[in-house]
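**Q** The following block contains the structure, expressed as structure tokens.
The values are calculated or read from the model by the stated rules, or taken from the named source; none is laboratory data. Treat the numbers as computed from the prediction; the structure is a model and nothing was measured. Here the Cβ is made from the backbone with ideal geometry for all residues, glycine too, and neighbour counts use every protein chain on show. Calculation scope for accessible area: heavy atoms of the full protein, side chains included, ligands and nucleic acids excluded. Shrake-Rupley method; radii C 1.70, N 1.55, O 1.52, S 1.80 Å.
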Amino acid sequence: MSNTQHLYKTRIAPTPTGYLHLGNVYNFALTAALAKKHNAAILLRIDDLDHQRVNKAYLQDIFDTLKFLNIPWHEGPRNMQEFEQHYSQKHRMPLYLQALRHLKDAGALFACTCSRSIVQQAAGNGAYPATCLYKNLPFPGNNWRLNTTSPLLLQVKKLQEDAVTAFLPAEMQHFVVRKKDGLPAYQLASLIDDLHFNVSFIVRGADLWASTLAQQYLGITLQRPAFSNILFHHHPLLLSETGNKLSKSSGSTSVQFLRKQGKTAQDIYALAGMMAGAGAIQSWQDIQV
């Protein structure tokens with residue numbers, strides 16, 4: 001296909017805010033399988049900006065799990081020491097701040113005092129009701145939100161399908177790009193990181209479709225057209241027995257828990273594969289892509 005002729009790098013991007021679970025396993029395995037199919041390199045990019053929730057034990061779990069499952073990566077840290085010295089997001093803070101200055105100078109931002117709980121109470125569905133949009137609040141000490149009043153028809157290029165066009169969904173209207181503690185929010189940091197490392201395709205769960213659209217909107221506002229050329233593959237989520245999305249608080253589906261129960265790498269792949277509808281796979285190389 002023409003849209004896969006120039007693929008050269010994808011990424012695995014875990015967050016060390018909990019022990020990795022079977023959903024992470026399937027995402028990493030699928031990423032590795034697609035990278036092999038397209039002869040692309042894999043970057044390990046760890047998102048550690050959430051300082052309050054990041055834990056060294058969770059960080060070590062990333063390296064332990066990838067090695068236990070024999071999932072390859074070709075760029076990025078090989079251990080915690082390399083991560084801290086060269087790859088932590090703190091080293092890319094100047095890039096995030098430059099992007100935030102661009103947005104602020106362009107008049108694309110507004111300050112907001114609303115917390116997540118306040119937004120939830122006001123809207124019920126999590127969509128921000130533009131409470132602070134026209135208040136002209138001071139930026140210091142407040143959240144910075146992107147003004148998304150102008151509707152943009154966004155195009156998401158797909159890895160193995162036709163491109164999809166959509167508008168920014170309600171839950172992403174006026175999304176936060178800088179938190180009140182001064183740190184860049186996920187949408188901005190993720191976009192800047194993927195551009196910085198020259199990522200050409202991204203494998204994500206279906207729950208991040210809204211984030212993909214938000215980042216497309218942000219890329220246009222930042223005048224970073226390269227982001228619109230990144231290809232995406234959104235895979236179905238793995239669900240628990242109760243039908244809920246797996247989370248890092250779900251101890252029984254964490255790789256660490258399963259390993260302590262004596263499960264082998266093949267056992268863990270088989271569990272992840274069956275939950276994803278991919279069959280009883282024994283390694284990432286068994287996934288049909």
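**Q** When you count, for each residue, the other Cβ atoms within 10 Å and take the mean per peptide, how do 281-287, 100-106 rank with the highest first? Walk me through the numbers on the way to the answer.
**A** Details: 281-287: 18.1, 100-106: 14.4.
Highest mean packing first, the order is 281-287, 100-106.
**Q** Treating the angle as unsigned and between 0 and 90°, give the value, to the nearest 10°, between the Cα long axis of helix 93-105 and the longest Cα principal axis of the chain.
**A** 30
**Q** Relative contact order of the chain, please, whole-number percent, based on alpha carbon pairs below 8 angstrom and at least 6 residues apart.
**A** 23
**Q** Please identify, among Phe197, Phe227, Phe28, the residue showing maximal mean-square fluctuation in a Gaussian network model of the chain using a 10 angstrom Cα cutoff.
**A** Phe197
**Q** Spit out the partnerless Cys residues in the chain, using Cβ distances under 4.7 Å as the pairing rule.
**A** Unpaired cysteines in the chain: Cys114.
**Q** Here's a follow-up. Under a point spin-label approximation (7 Å from Cα along Cα-to-Cβ), what is the Ala57-Glu75 distance to one decimal in nm?
**A** That separation, rounded to one decimal, is 3.4 nm.
**Q** Next question. Given H placed 1.01 Å from N in the peptide plane, which residues other than close sequence neighbours of Ile12 have an amide H under 5 Å from its amide H?
**A** Under 5 Å from the amide H of Ile12: Leu43, Leu44, Arg45.
**Q** With the full set of protein chains in place, find how many percent of the accessible area of the chain is carbon and sulfur; take the probe as 1.4 Å.
**A** Whole-percent figure for carbon plus sulfur exposure: 50.
**Q** Run through the DSSP bridge list for the chain and note the antiparallel percent, rounded to the nearest 5.
**A** Taking every DSSP beta bridge within the chain, about 50 percent pair in antiparallel fashion.
**Q** Based on the mean of other beta carbon atoms within 10 Å per residue, what is the order of 135-144, 261-270, 13-22, most packed first?
**A** Averaged packing, sorted descending, gives the order 13-22, 261-270, 135-144.
**Q** Quick one: accessible surface of Glu75, probe radius 1.4 Å, all protein chains present, in square angstrom to the nearest 10.
**A** Using a 1.4 Å probe on the heavy atoms, I get roughly 60 Å².
**Q** Using alpha carbons only, how many degrees (0 to 90, rounded to 10) separate the axis of helix 56-68 from the longest principal axis of the chain?
**A** Rounded to the nearest ten degrees, it is 40.
**Q** For the range 137-191, what percent of Cα pairs sit more than 15 Å apart?
**A** The answer is 60 percent, as a whole percent.
**Q** Give the accessible surface of the chain per residue, rounded to a whole number of Å², with probe radius 1.4 Å and ligands, DNA and RNA excluded. Present the calculation step by step, with values, prior to reporting the outcome.
**A** Working: 13880 Å² over 289 residues.
Per residue, the chain has an accessible area of 48 Å².
**Q** Now for a different question. Roughly what would the spin-label model give for Thr113 and Thr264, points 7 Å off Cα along C-beta, in nm?
**A** It works out to 6.1 nm between the two label points.
**Q** For volume of the Cα convex hull per residue in Å³, one of (1) 212; (2) 133; (3) 174 was computed from the structure I shared and the rest are decoys. Which label?
**A** So the structure-derived entry is (2).
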